[in-house]
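Q: Structure provided below as structure tokens; questions to follow.
The values are calculated or read from the model by the stated rules, or taken from the named source; none is laboratory data. Computed from a predicted model, the values in this text were never measured in an experiment. Virtual Cβ from ideal backbone geometry, glycine too; neighbours counted across all protein chains shown.
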Amino acid sequence: MDGASGWRALNLNVVNFTFLVLAVLLHGTPARLLKASEEAASVLHGIVLQFPLYAGIYGIFKATGLTERIGELFVSLSTRETFPAIVYLYSGVVNYFVPSGGSKWAIEAPYLLEAASRLGVAPEKVVLAYAWGDMATDLIQPFWALPLLAVARLEFKDILGFLLVAFLVYLPLVTLGFFVFG
């Protein structure tokens with residue numbers, strides 16, 4: 001935190017966390033909370049419950065100094081030529097576990113761009129590599145499709161085969177492209 005106290009310490013993260021804790025406490029069990037959220041937000045209930053958890057994960061990353069250590073790791077493992085490919089693969093792995101590209105980029109951009117600068121890599125290459133890595137795992141973790149699947153009354157298993165084939169073609173081709181042209 002920035003040292004603010006009292007009402008000045010109140011921000012959107014504190015409000016979201018407070019409401020999430022209250023929801024858990026007032027519903028008594030996780031099953032009742034899930035049922036209530038499903039009734040209240042029908043198609044979007046899964047997303048509504050997941051976002052505060054993602055925010056918490058990235059709050060931990062940022063507050064613990066882990067982001068600086070990751071940046072140093074990138075510099076030590078990469079060269080100017082390999083950095084975009086490594087960012088591409090890294091972004092895909094992180095996106096698989098925390099599929100929220102915008103909030104991830106807000107946390108990760110400072111250390112990725114700093115590492116890129118130290119290695120002499122153009123920022124636009126980093127942004128492109130990051131976005132393409134994020135898109136790669138969107139194929140096998142289609143967070144974007146949850147509302148669409150609910151509206152179409154389909155389940156993830158109904159589209160997984162198609163997405164897996166696309167992923168198995170996309171991943172090696174784009175990885176090779178970043179290593180060759182990165």
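Q: Of all residues in region 68-103, count the ones that are farther than 22 Å from Leu139 by Cα and buried (at least 19 other Cβ atoms within 10 Å of the Cβ).
A: Summing the residues that are farther than 22 Å from Leu139 by Cα and buried (at least 19 other Cβ atoms within 10 Å of the Cβ) in region 68-103 gives 4.
Q: Continuing with this model, one more query. Anything in region 154-182 that is among the charged types (D, E, K, R) and modelled with pLDDT under 90? List them, or say none.
A: Selection gives Glu155, Lys157.
Q: Run down Ala131, Ala122, Ala106 and say which single residue is under 24 Å from Glu72 (Cα atoms), surrounded by fewer than 19 Cβ atoms within 10 Å (Cβ to Cβ) and at pLDDT 95 or above.
A: Sole residue among the options that is under 24 Å from Glu72 (Cα atoms), surrounded by fewer than 19 Cβ atoms within 10 Å (Cβ to Cβ) and at pLDDT 95 or above: Ala122.
Q: Are there any pairs, at least 6 apart or on different chains, whose C-beta atoms fall under 6 Å, with the first in region 83-106 and free of Cβ contacts under 8 Å to residues at least 60 places away in the same chain and under 14 Å from Leu171 (Cβ atoms) and the second of a type in the set (Phe, Trp, Tyr) and assigned to a helix (DSSP H, G or I), and if so, which?
A: Ser91/Tyr130
Q: May I pose another question? Of the numbered conditions (1) surrounded by 13 or more Cβ atoms within 10 Å (Cβ to Cβ); (2) out of contact with any Ser or Thr (no Cβ under 6 Å at 6 or more places or on another chain); (3) free of Cβ contacts under 8 Å to residues at least 60 places away in the same chain; (4) of a type outside the set (D, E, K, R), Leu148 satisfies every one except a single condition; which is it?
A: (1)
Q: Could you please find all residues in region 75-101 being in a helix (DSSP H, G or I) and either closer than 16 Å to Leu128 by Cβ or not assigned by TED's automatic domain parsing to the domain that holds Gln141 (or both)?
A: Step one: list which residues in region 75-101 are in a helix (DSSP H, G or I), which gives 75-77, 83-97, 101.
Phe83, Pro84, Ala85, Ile86, Val87, Tyr88, Leu89, Tyr90, Ser91, Gly92, Asn95, Gly101, listed by residue number.
Q: Give Leu53, Leu139 a once-over and let me know the one that is within 23 Å of Phe156 (Cα to Cα) and outside the structural domain of Phe156 (by TED's automatic domain parsing).
A: Leu53
Q: Name every residue in region 151-182 that is surrounded by fewer than 13 Cβ atoms within 10 Å (Cβ to Cβ) and not in a helix (DSSP H, G or I), in order of residue number.
A: The answer is Ala152, Arg153, Leu154, Glu155.
Q: Looking at Ala115, Ala145, which one is under 22 Å from Phe51 (Cβ atoms) and in a helix (DSSP H, G or I)?
A: Ala145
Q: Let me ask something additional. Please find, among Val75, Val98, the residue that is within 12 Å of the chain's Cα centre (by Cα) and at pLDDT below 90.
A: Val98
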